[in-house]
Each structure stands twice: as structure tokens, then as C-alpha cells.
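The values are calculated or read from the model by the stated rules, or taken from the named source; none is laboratory data. Please read these numbers as outputs of a predicted model, since none were measured by experiment. Note: ideal-geometry Cβ built from the backbone for every residue, glycine included; neighbour counts use all protein chains shown.
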């Protein structure tokens, strides 16, 4: 807070609110103390007079290395307009190989920035959203952080194609009204059928997100009414053999 001083975000909020929010996102994942401290300090070298040596002296070498890694990724963002996305992707993957915590902080940083993107100028908003879809969301999925990746996709989609997203959301709401708690009913039925076959299972159903539906519509070149897989179900069984048995039953 001291180093960011009177700096403000585009929203008009004090800048130090941003690193606090980033740290909060990562706290939900129960990450180690070094990662949370890095989240709080991730913009200090980039945006203030503090140096890497200052961080090492006050917080230790481990955190200095992590903050330095996040700073390098932030500087790569400045080159994004002049660099192919595929090249960016390779650079980020190289960062993962050194310490995945650097990428985790960067993903949380991007997520909070996307949540407040409406305060940014339209042309910059579009560039950031496209970069989010092409670089950050895929990387989030590649390391198994699907909840962050999914939210990044939805936020980017909202800015890049708000008309399509609104249309899909309205259609999903209409289906929910028509069919009620369809996912719960189907989940219970799957559990019942598996139980009768002697397989203990937990089934989780969900409605697919607007962006994932949009991708399917584009890939298959069909209308919404022709799309059959707008619900997804996850079946958790107790043993590997049960996976194959469950597939045979379902």
C-alpha cells in the first residue's frame, strides 16, 4: 500500500485494491504463503520505485524470484501487439517450467483485470479480451485451473461479442424455464441406473457456459436448436474398473 501510494486504477479505485483482490483470488485455492505475498507485491517493481533487491531484503529471495517472474510476464504483455500469440504462448509455457506459481499469480492478475475491464477504453478492451481468450484461458486449462479459465473465457466473450452472448444466455434461461431442474433429474437417474448395476457413483450435472456453446455453434456451423449437448455430466466412481463398467451401462 505504501509503495503504490496515491496511484489509482482506471475505475478510480486506489491501486492497492488490485493486489489485494488478486491475493484474495489465490487464497481461495489455498496456495502457500509465498504465492499470496507475491500476489500482494506483483506490481511493485513494475509500477513503483521499489526494486528486486528491496523485495529480497524485506521478504526473502524466494519471493523476489517470484515477483521478478511475474514482472517479466507483465513486460511481455506490452509486446503483445507486435508479437504473434503463438510466440507469447511458448514464452508463458517456459515460465511455467520454472515455477508454476508465477503463472498462477499472473492468471489471478488477469482475472481481476478482466472483472474490471469495463473501465478501460474500447480499443484496449478488445485487445485485452482477445489476448485473454488466445493466451491466458488456454494456459489456465493446461495447468488444471478450469474455474479461472472458464471465467476468463466468459468475461472476454462478453466484451468481444456481447450480442451473441446475450442471445445464448436468453436461450439458456428459456430452456431452464421449460425443463426446470433437468440436470438434477438426469443426475439422479444416472446414479440410480449405475447403482442397479452395482456401481457406486456420484454424478454432477451442469449447464455449459455461453462461450463453450458459442464455440460449438461456430465449429459445427449449426443453429442453437440443432445443438444437443448443452448439458454436461461428470460421473465419479470408486475404482478404475468402474469407469469402463459405467461407460457400458450409460
Discussion item. Here is a check on your reading of the model: is residue 38 under 13 Å from residue 105 (Cα atoms), modelled with pLDDT of 95 or more and loosely packed, with under 13 Cβ neighbours inside 10 Å?
Written reply: no
Worksheet item: How many residues are out of contact with any helix residue (DSSP H, G or I) (no Cβ under 6 Å at 6 or more places or on another chain), in a helix (DSSP H, G or I) and surrounded by fewer than 17 Cβ atoms within 10 Å (Cβ to Cβ) when one looks only at the stretch 151-181?
Response: 12
Practice prompt. Taking residue 209 as meeting all but one of (1) exposed (fewer than 14 other Cβ atoms within 10 Å of the Cβ); (2) out of contact with any strand residue (DSSP E or B) (no Cβ under 6 Å at 6 or more places or on another chain), write down the number of the exception.
Written response: (1)
Discussion item. Regarding the stretch 112-128, can at least one residue be identified that is out of contact with any strand residue (DSSP E or B) (no Cβ under 7 Å at 6 or more places or on another chain), within 18 Å of residue 66 (Cβ to Cβ) and either at pLDDT 90 or above or outside the structural domain of residue 68 (by TED's automatic domain parsing) (or both)?
Written reply: yes
Worksheet entry | Given (1) surrounded by fewer than 16 Cβ atoms within 10 Å (Cβ to Cβ); (2) at pLDDT below 90, index of the condition residue 195 fails | (2)
Worksheet item: Which one is farthest from residue 174 (Cα to Cα) among residues in the stretch 212-244 that are in contact (Cβ under 8 Å) with a residue 24 or more places away in the chain, in contact with a strand residue (DSSP E or B) (Cβ under 8 Å, 6 or more places away or on another chain) and surrounded by 13 or more Cβ atoms within 10 Å (Cβ to Cβ)?
Response: 242
